[in-house]
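Here the structure comes first, spelled out in structure tokens, and everything after it is commentary.
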Amino acid sequence: MLLDLLGVVYDGDTPIPGAAAAIERLRSAALPLRFVSNTTRSPRSAIIAQLAAMGIEVAEEELLTPARAAVEWLRKHGRQPHLLVHPDLEAEFSGLDGGSGRAIVIGDAGEAFNHASLNRAFRELVAGADFLALAVNRTFKDADGLLSLDTGAFVAALEFASGRTPVVLGKPSPDFFLAALAELNCPAADAVMVGDDAESDVAGALRAGLGAALLVRTGKYRPGDETRFDPAPTALVDDLAAAIEWILSRAAT
């Protein structure tokens, strides 16, 4: 089981009704579980604390984020990061000095996205820096309940201007899903993804070879999302509780 967080388990600081009980039911069924989030504004410690305040206990190793994947990539390739991320996320990249080259790391920088910051990143790319995108989501559901621009729009701007193609570290990258499953020693065909983003969560998981991907009607979901991307969801369900019911009913057969 792979579960998205924002829009599936909580909206902002508000837990989605029934989500905590659904996760507890999943744990009681002893199905291997990972939380896979494209959130790039908060460090993992803050996400875990936020979940704990909602009554949902998540161990550090159960949470996979693009920032965690980026740190592993930077260490493996010996690169120093040039960060274009939210200030709250910068601490995740501490201790990475001394690499043999540079890499742009772009996430949801929020108000830090401006011409100056984008142009600095562009100039790093022109000078030969590697290009890492924590995610390429088009939109997210903001605190006011409306959709806002997500990282993907700014990644696309840098890609267009520089002529460079980024390494995508979060969803919908197949490597992101497969890294989570590798930790569980689970074949992709035996895994199920639950998300509110028909493109990154659902179509991305199915393209990575997961056996099923469920789209919930909570979070950023808008009517018709289930028909907008290919592959289409395995099932469209009301919320996480309904998704867990769908999964457990099939696991028992």
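The values are calculated or read from the model by the stated rules, or taken from the named source; none is laboratory data. All figures in this text were calculated on a predicted structure; none of them were measured in a lab. Cβ coordinates were reconstructed from backbone atoms using ideal geometry, including for glycine residues, and neighbour counts include every protein chain displayed. We work out accessible area using only protein heavy atoms, side chains counted, and drop any ligands, DNA or RNA first. Shrake-Rupley method; radii C 1.70, N 1.55, O 1.52, S 1.80 Å.
Can you tell me how many residues within segment 139-158 are open to solvent by 30 Å² or more (accessible area, probe 1.4 Å) and modelled with pLDDT of 95 or more?
Number satisfying all stated conditions: 4.
Let me spell it out: the conditions are (1) free of Cβ contacts under 8 Å to residues at least 24 places away in the same chain; (2) more than 24 Å from PHE177 (Cβ to Cβ); (3) touching an Asp or Glu at 6+ places or on another chain (Cβ under 7 Å), and ILE48 meets all of them except one. Which number is the exception?
(2)
When you check ALA161 against the structure, is it assigned to a helix (DSSP H, G or I), surrounded by fewer than 19 Cβ atoms within 10 Å (Cβ to Cβ), in contact with a Phe, Trp or Tyr (Cβ under 6 Å, 6 or more places away or on another chain) and not aromatic (Phe, Trp, Tyr), yes or no?
Working: assigned to a helix (DSSP H, G or I): yes; surrounded by fewer than 19 Cβ atoms within 10 Å (Cβ to Cβ): yes; in contact with a Phe, Trp or Tyr (Cβ under 6 Å, 6 or more places away or on another chain): yes; not aromatic (Phe, Trp, Tyr): yes.
Here the answer is yes, as ALA161 does meet what is asked.
Quick one: in segment 94-108, of everything that is touching a Pro at 6+ places or on another chain (Cβ under 8 Å) and within 26 Å of LYS141 (Cβ to Cβ), which residue is surrounded by the fewest Cβ atoms within 10 Å (Cβ to Cβ)?
This residue is ILE106.
I'm trying to understand the selection: among the residues of segment 28-57, which are under 14 Å from the mean Cα position of the chain (by Cα) and of a type in the set (Gly, Ala, Ser)? Step through it out loud before you land on a result.
In the first step, residues of segment 28-57 are kept if they are under 14 Å from the mean Cα position of the chain (by Cα); the result is 34-44, 47.
Of everything in segment 28-57, those that are under 14 Å from the mean Cα position of the chain (by Cα) and of a type in the set (Gly, Ala, Ser) turn out to be SER37, SER42.
Quick one: what pairs do we get from segment 138-166, first residue under 17 Å from ASP197 (Cβ atoms), second part of a helix (DSSP H, G or I) and open to solvent by less than 30 Å² (accessible area, probe 1.4 Å), C-beta under 6 Å, 6+ apart or different chains?
Close Cβ pairs (under 6 Å, with a partner that is part of a helix (DSSP H, G or I) and open to solvent by less than 30 Å² (accessible area, probe 1.4 Å)) amount to ARG138/GLY152.
Given the conditions (1) under 22 Å from ASP13 (Cβ atoms); (2) in contact (Cβ under 8 Å) with a residue 40 or more places away in the chain; (3) more than 16 Å from the chain's Cα centre (by Cα), and given that ARG25 satisfies all but one, which numbered condition is not satisfied?
Result: ARG25 passes all but (1).
Taking only segment 61-86 into account, find how many residues are surrounded by fewer than 21 Cβ atoms within 10 Å (Cβ to Cβ) and of a type in the set (Val, Ile, Thr).
So the count comes out to 1.
In segment 1-17, how many residues are assigned to a loop (DSSP other than H, G, I, E, B) and either open to solvent by 10 Å² or more (accessible area, probe 1.4 Å) or in contact (Cβ under 8 Å) with a residue 60 or more places away in the chain (or both)? Break it down stepwise before answering.
Our first condition is that a residue be assigned to a loop (DSSP other than H, G, I, E, B); within segment 1-17, this holds for 1, 4-5, 7-9, 12-13, 16-17.
Still in the running and either open to solvent by 10 Å² or more (accessible area, probe 1.4 Å) or in contact (Cβ under 8 Å) with a residue 60 or more places away in the chain (or both): 1, 4, 7-9, 12-13, 16-17.
Here the count works out to 9.
Consider SER100 against the criteria (1) among the hydroxyl-bearing types (Ser, Thr, Tyr); (2) under 25 Å from ALA46 (Cβ atoms); (3) at pLDDT below 95: it satisfies all of them except one. Which criterion is unmet?
Tallying (1) among the hydroxyl-bearing types (Ser, Thr, Tyr); (2) under 25 Å from ALA46 (Cβ atoms); (3) at pLDDT below 95, SER100 fails exactly one: (2).
Would you mention how many residues in segment 113-138 are open to solvent by less than 40 Å² (accessible area, probe 1.4 Å) and within 29 Å of VAL202 (Cα to Cα)?
7
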